[in-house]
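Taking it in order: structure first as structure tokens, then the write-up.
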Amino acid sequence: MSDAGYLDAISTSYDTVADTYAERFPAARLGPVGHAMLRAFAEVVLAESKGPVVDLGCGPGAVTAVLAGHGLQVSGVDLSPRMIELATAAYPELEFGVGSITALDLPDGELGGALAHFSTHHLPPEQLPTVFREFHRVLAPGGHLLLGTHLGADEHLRPTEAYGGHPVSYEWFLLPAELIESLLTGAGLTITARLDQPNPSAPGRSFAYFLARKEG
């Protein structure tokens, strides 16, 4: 699938499922581990880098609002226009915009923090080095990245429906944690913490959070 093809598939699929997704995944669904990682991310940004934060792949904005509640100056970007409509309606006090995490409309070195909360697993693995370099580019020296993602053993999934039977055409790429960590460090980021959590609904798979820093 071409670059434009996989991005169009992600955008169209999330436009289709957006309303159901927003209902099924409020901030409360993050659970204690998810909330703890967001709180830790907010604390290191406020203590060390102090700059603005962007939620990359913000969906309907619930996680963006959690970060704002921790005192961060935060905005959100998502490839799905419908997700951005829902986020803007739910959290009018925050700023949201349509955009791709593969080519961010942000200056170099602007951000104190970047959050990619389960927004990279639809990208083909060969695109991740470019995306992670983009994360590095927009972070200020000393800025922090929190990446949350699904893990697997180099699995490539092609679901045809999701979230209650809505048709989708995106793909899933489930990679080992060690590979993701190596790609982050290859992009110039230093891993400062990693947390793995089993996925109880899918034996053999798990989630992970990577906290990384741009040295400077």
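The values are calculated or read from the model by the stated rules, or taken from the named source; none is laboratory data. These numbers come from a predicted model, not from an experiment. Don't worry about glycine lacking a Cβ; one is built from the backbone with ideal geometry, like all the others, and counts go over all protein chains shown. Only protein heavy atoms, including side chains, enter the accessible area calculation; ligands, DNA and RNA are left aside. Shrake-Rupley method; radii C 1.70, N 1.55, O 1.52, S 1.80 Å.
Output the relative contact order of the stretch 57-213, whole-number percent, from Cα pairs under 8 angstrom with separation of 6+ residues. Provide the component values of the computation, followed by the final result.
On the way: 287 pairs, mean separation 29.2, N = 157.
That works out to 19 percent.
Looking only at Cα atoms, what is the convex hull volume of the stretch 111-216 per residue, in Å³?
Cα-based convex hull of the stretch 111-216, divided per residue, equals 103 Å³.
Enumerate the amide H contacts of residue 145 below 5 Å, restricted to partners 5 or more residues apart or on another chain; note that Pro and chain-start residues carry no placed amide H.
114, 212, 213, 214
Would you tally the net charge around residue 206, using a Cβ to Cβ cut-off of less than 15 Å, leaving residue 206 out, and scoring K and R as +1, D and E as -1?
Neighbourhood net charge equals -3.
Solvent-accessible area per residue for the chain at a 1.4 Å probe radius, Å²?
44 Å²
Kindly provide log₁₀ I(q)/I(0) values, in the same order as q = 0.19, 0.25, 0.26 Å⁻¹, from the Debye equation applied to equal alpha-carbon scatterers of the stretch 76-167.
Debye output, listed in q order: -1.08, -1.39, -1.41.
Within the chain, what's the longest stretch lacking trypsin sites (Lys or Arg not before Pro) that sit in DSSP loops with no more than 15 other Cβ atoms inside 10 Å? Don't skip to the end; give the middle numbers.
Values: sites that count: 50, 205.
Excluding the exposed sites themselves, the longest stretch runs over 51-204.
Give the percent of DSSP beta bridges with both residues in the chain that are antiparallel, rounded to the nearest 5. Walk me through the numbers on the way to the answer.
Details: 22 of 40 bridges.
So the antiparallel bridges amount to about 55 percent of the total.
Once the principal axes of the Cα atoms of the stretch 1-81 are found, what is the range along each, listed largest first in whole angstroms?
So the extents along the principal axes, rounded to whole Å, are 41, 26, 18.
Tally up the carbon and sulfur contribution to the accessible surface of the stretch 5-143 as a whole percent, 1.4 Å probe, everything protein left in place.
54 percent
Can you compute log10 of I(q)/I(0) for the stretch 40-114 with the Debye formula, treating each Cα as one identical point scatterer, at q = 0.27 Å⁻¹?
-1.23
How high is the relative contact order of the stretch 1-150, in percent, counting Cα pairs under 8 Å that sit 6 or more residues apart?
25 percent
In the chain, which longest range has no GluC sites (Glu not before Pro) that are both DSSP loop (not H, G, I, E or B) and surrounded by at most 13 other Cβ atoms within 10 Å?
Longest site-free region, per DSSP loop and neighbour criteria: 94-214.
Is it possible to state the helix-based mean residue ellipticity at 222 nm for the chain, with each DSSP H run of 4+ residues giving -39500 (n - 2.57), the sum divided by total residues, to the nearest 500 deg cm²/dmol? What is it?
On the way: 6 runs with 75 residues, N = 216.
Computed ellipticity for the chain at 222 nm equals -11000 deg cm²/dmol.
Can you give me the orientation-averaged projected area of the convex hull built on the Cα atoms of the chain, in nm²?
Spelled out: convex hull of the Cα atoms, projected over all directions, averaged, 10.6 nm².
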